[in-house]
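Take a look at the structure set out below.
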Amino acid sequence: MITLSSQQSFRLCDGVSRRGFLKIGALGLGGLTLPQLLHAEAQAGVQNSKKSVIMIYMVGAPPHQDMYDLKPHAPSEVRGEFDPIETNIPGIQISELMPQMAKIMDKCAPLRSVVGSPNGSHDSYICYTGRPKVNEPQGGWPALGSMVSAVRGPSRNDVPPFVGLAPDAGHPPYGSPGLPGFLGVGHAAFRPTGPASADMVLNDISSDRLQNRGDLLNSFDRLRKQADQSRLFEAADNITKQAFGILTSSRLANALDVSQEDKSTRARYGQGDTKRYGDGAPRNLEHFLMARRLVEAGARVVTLNFGRWDFHSSNFSELKNTHLPWFDQGLSALIDDLNQRGMADDVAVIAWGEFGRTPRINKNAGRDHWPQVGGGLLAGGGLRMGQVIGATDRIAGEAVDRPIHFGEVHATLYHALGINTNATTVPDLSGRPQYLVDGHQPMPELI
């Protein structure tokens, strides 16, 4: 019990004076109670946290059995053209087309039994939210980046908490960075490689004139908020504050400028191809480097859309000639770079797609949609690496050991960010508190 001295002679039944009792409750700080003060102090520490997540959405769903879960002893119509190779962790094998990842497997954790995709429809939704697109609340479930934006806010006023490196795609879900759902546009991803890229500089206005405009906007706050019944103005305020921070600082622009990196680092990541691949995303390797620079600058969540992995035909030539070598280079460079810079414990990386691919190769040498099981890869975040989690049957068609739900991975990512998913909620449009994940717990193998 906290007891503060008091000059007042009147005392309560426990021997504490009434004046002392009031001081314990309010601490003389404008009515701020002790729990509120402690919460505010805790939040101040949280706001300054360097913990972050980089999520790589492998557009269109990659073939898990040709990457992390090869079946060399399966029938020819199942096993495919590639052989497994050893990694630097005895007993863990991955595709021969991923030699750079094989060298750093001690810093990774392949997931071989990811389940929970509701159907075989292409949509990035489950990757970004950890939930199937069913029984949604009004507005839809927010993406991880939007949830973190709402719970934590920005670590700095001049860097958005949620950044999406997601150029427009022919199929809209392929170009999504993750949507804010019921949290509204104030917690949407900032997309510097999309439409906003031309508006990140002050063109014909000085910083002083910009500040004057900011003061004018602030003068309307009270009237607007009194009239606000839908949180629309709250979202607008968030966007305005973010815009002023970005425009009056060079921090975000510098983070996006990969030319500031030394030549050897840029060569390690490579360039890839900046053009959109079909109706998917570019295979832009500089986005991996940009993601590292963004979390280094203060972004809490960065999403990155890569390629188009929907190989209904020519699966093996597509992997060999257009996707896997570049993906191997970009992802391994990112993970290795985070470790060399001492950032690996603070930055969790997840790479995955919306479902797996069929065990049986079709007549066009392709693999079709397979929501029964898929795969992915985790790295960093202070999690236990150097292990495989989960297993599939002999044809990579069903999870036979340790099924891993998308929601479990999300719970693990929130854990890596220092967020307790059992205690943290955000209000939906009706004001009802909603948990960040749907009852799933962090993966015990990793924590």
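Things worth noting here:
- Applying a threshold of 6 Å to beta carbon distances and a minimum spacing of six or more residues, or different chains, the list of pairs starting in region 88-114 at a residue that is surrounded by 20 or more Cβ atoms within 10 Å (Cβ to Cβ) and ending at one that is of a type in the set (Lys, Arg) and at pLDDT 95 or above reads Ser113/Arg402.
- Matching entry among Ile350, Ile335 (being in the same structural domain as Ser117 (by TED's automatic domain parsing), in a strand (DSSP E or B) and under 24 Å from Phe162 (Cα atoms)): Ile350
- Of all the criteria given as (1) in a helix (DSSP H, G or I); (2) more than 23 Å from His64 (Cβ to Cβ); (3) at pLDDT 95 or above, the one not satisfied by Leu252 is (3).
- Restricting attention to region 293-318 and to residues that are touching a helix residue (DSSP H, G or I) at 6+ places or on another chain (Cβ under 6 Å) and assigned to a helix (DSSP H, G or I), the residue that is farthest from Trp352 (Cα to Cα) turns out to be Ala297.
- Residue under evaluation Lys320, criteria (1) surrounded by fewer than 22 Cβ atoms within 10 Å (Cβ to Cβ); (2) closer than 26 Å to Pro161 by Cβ, criterion not met: (2)
- Restricting attention to region 50-83, the residues that are more than 20 Å from Trp309 (Cα to Cα), hydrophobic (A, V, I, L, M, F, W, C) and assigned to a loop (DSSP other than H, G, I, E, B) add up to 1.
- Entry remark, region 150-166: residues being under 11 Å from the mean Cα position of the chain (by Cα) and hydroxyl-bearing (Ser, Thr, Tyr) number 0 in total.
- Whichever residue in region 95-132 is charged (D, E, K, R) and out of contact with any helix residue (DSSP H, G or I) (no Cβ under 6 Å at 6 or more places or on another chain) and, among such residues, is farthest from Ala189 (Cα to Cα): Glu96
- Count of region 284-296 residues, restricted to those that are crowded, with 24+ Cβ neighbours inside 10 Å and in contact with a Ser or Thr (Cβ under 8 Å, 6 or more places away or on another chain), is 3.
- Unique match (being surrounded by fewer than 18 Cβ atoms within 10 Å (Cβ to Cβ) and either at pLDDT 95 or above or under 26 Å from Met443 (Cα atoms) (or both)) among Arg357, Arg341: Arg341
- Picking from residues in region 61-87 that are in contact with an Asp or Glu (Cβ under 7 Å, 6 or more places away or on another chain) and under 30 Å from Asp279 (Cβ atoms), the one that is surrounded by the fewest Cβ atoms within 10 Å (Cβ to Cβ) is Phe82.
- Restricting attention to region 391-422 and to residues that are among the small types (Gly, Ala, Ser) and touching an Asp or Glu at 6+ places or on another chain (Cβ under 6 Å), the residue that is farthest from Ala74 (Cα to Cα) turns out to be Gly407.
- When Gly153, Gly140 are checked against the criterion of being surrounded by fewer than 19 Cβ atoms within 10 Å (Cβ to Cβ) and either of a type in the set (Ser, Thr, Tyr) or closer than 26 Å to Val373 by Cβ (or both), Gly140 stands alone in meeting it.
The values are calculated or read from the model by the stated rules, or taken from the named source; none is laboratory data. Values in this document were obtained by computation on a predicted structure and should not be read as measured data. For neighbour counting, all protein chains shown are included, and Cβ atoms are generated from backbone atoms with ideal geometry for every residue, glycine included.
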